[in-house]
1. Here is a list: Ser113, Ser73, Ser102, Ser44. Which entry is in contact with a strand residue (DSSP E or B) (Cβ under 8 Å, 6 or more places away or on another chain), closer than 30 Å to Asp14 by Cβ and of a type in the set (S, T, N, Q)?
2. Only residues that are closer than 19 Å to Ser117 by Cα and either at pLDDT 95 or above or touching a Pro at 6+ places or on another chain (Cβ under 7 Å) (or both): list them for the stretch 39-55, please.
3. Name the strands (runs of 3 or more DSSP E) wholly inside the stretch 30-142 in which the number of residues that are without any contact (Cβ under 8 Å) to a residue 60 or more places away in the chain and of a type in the set (Gly, Ala, Ser) is 1 or more.
4. Regarding Ile180, is this residue modelled with pLDDT of 65 or more, part of a helix (DSSP H, G or I) and surrounded by 13 or more Cβ atoms within 10 Å (Cβ to Cβ)?
5. Would you point out which residue out of Glu236, Glu280 is modelled with pLDDT of 85 or more, surrounded by 12 or more Cβ atoms within 10 Å (Cβ to Cβ) and over 21 Å from Ser127 (Cβ atoms)?
6. With the checklist (1) modelled with pLDDT of 95 or more; (2) in a loop (DSSP other than H, G, I, E, B) in hand, flag the one item Asn175 doesn't pass.
7. With respect to the numbered conditions (1) assigned to a helix (DSSP H, G or I); (2) out of contact with any His (no Cβ under 9 Å at 6 or more places or on another chain), which one is the sole condition not fulfilled by Met278?
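The values are calculated or read from the model by the stated rules, or taken from the named source; none is laboratory data. Note that this is a predicted model, so its numbers are computed, not measured. As a convention, Cβ positions derive from the backbone with ideal geometry for all residues, glycine included, and neighbour counts pool all protein chains shown.
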Amino acid sequence: MNLVTTDRKYYRLDELANFGVTEGTVRYLIEQDKLQPVFFLPPSHYVLGGYHANKFKGFAIAWYKGLVSIPCSKVVQLLSKGKVTSTEMNLLQREKITVVSSEYPFDVPWPNSYIGSWLKADLAQISWSVIPAKAYPRECDSLMASFVDMLNTINSGSRTAVDDATKLESKIFENHPKRILSAAGQNFNFVDICIQTTDLISIGLFDINQPSNELPDNQESTKTGAFDNQFKNEFEELLARILMAKPQLKAKEIHRFLCVEAEKEEDSRVFDRHNVLMGETNGIISWRDKYRGNVECSYTLDSLRNVISRVRGKLHQ
């Protein structure tokens, strides 16, 4: 088992080979939807937004440098061709987003083919852990506008032809825009794939580097290991591993997840690496506190909510 600390957020494809994780293994795990390929992008402007009825709704312009993911359809192309271009991506490191403006910045009005609508919003009021975004576009003439310009050039010598072209232009632009928003998109190559440390931990390729569970009688502070003494016990550490890998999960989903994990054979558990879970009965999750002589403890869903809230708070400190 490869032991790592959570200070390292991701590993590049060529680095994983040093841990015995081959390119073929990474490809297989992506194909099986067990790993999400991500990419590190240098600083650039993006349009932040979200999707409704397959239309992109923007709410701010932002500056971002960090990890991004791409749509599933683009991942399929990446696997088959080794490279892909996308104007759509998800910004994964929310804390690295710097909002420049929430005002719509383009002369081309919305709705248009690139931005379906605009509703300026404060990022701080949006609870999403991952922010959908599109590449910052440029304003340019549409293909139809270029076609009309060509016709005007051809017909410039004839008054009748000019009049006819003017009428045609008017008719064309009843249904087609003169100016559009267009973006070349970002190029993504298979060789540039990164895998987040939390994903490698969640599928069991890596484990968090923690010391032995055996504690000196007077040194309780050593018991949380890689989490720098943040947590009271291994159950809280278990919750932390789950929240680091799946930060979007709600308390009810985590409760259900723990119930499923508790039913697995001890050597096949994904997050409960130290087998603290004992089982579940009528919605009550039982676990053993190894730091207190294997004392049996339990949580209902309601009491679990408070523990999850506390762990989330410590992870964000």
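1. Result of the check over Ser113, Ser73, Ser102, Ser44: Ser44.
2. Within the stretch 39-55, the subset closer than 19 Å to Ser117 by Cα is 45-55.
Hits for the stretch 39-55 are His45, Tyr46, Val47, Leu48, Gly49, Gly50, Tyr51.
3. Details: elements: 39-52, 55-69, 83-86, 88-91, 98-101, 131-135, 138-141.
The qualifying strands (runs of 3 or more DSSP E) are 55-69, 98-101.
4. Numbers: modelled with pLDDT of 65 or more: yes; part of a helix (DSSP H, G or I): no; surrounded by 13 or more Cβ atoms within 10 Å (Cβ to Cβ): yes.
In short, no.
5. On the way: Glu280 fails: modelled with pLDDT of 85 or more.
So the residue among Glu236, Glu280 that is modelled with pLDDT of 85 or more, surrounded by 12 or more Cβ atoms within 10 Å (Cβ to Cβ) and over 21 Å from Ser127 (Cβ atoms) is Glu236.
6. Asn175 satisfies all of (1) modelled with pLDDT of 95 or more; (2) in a loop (DSSP other than H, G, I, E, B) except (1).
7. Only one criterion in (1) assigned to a helix (DSSP H, G or I); (2) out of contact with any His (no Cβ under 9 Å at 6 or more places or on another chain) is unmet by Met278, namely (1).
A quick yes/no check of all residues on (1) among the aliphatic types (A, V, I, L, M); (2) at pLDDT 95 or above:
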| position | (1), (2) |
| --- | --- |
| Tyr64 | no, yes |
| Cys72 | no, no |
| Gln77 | no, yes |
| Arg94 | no, no |
| Val99 | yes, yes |
| Ser102 | no, yes |
| Asn112 | no, no |
| Ser117 | no, yes |
| Asp122 | no, no |
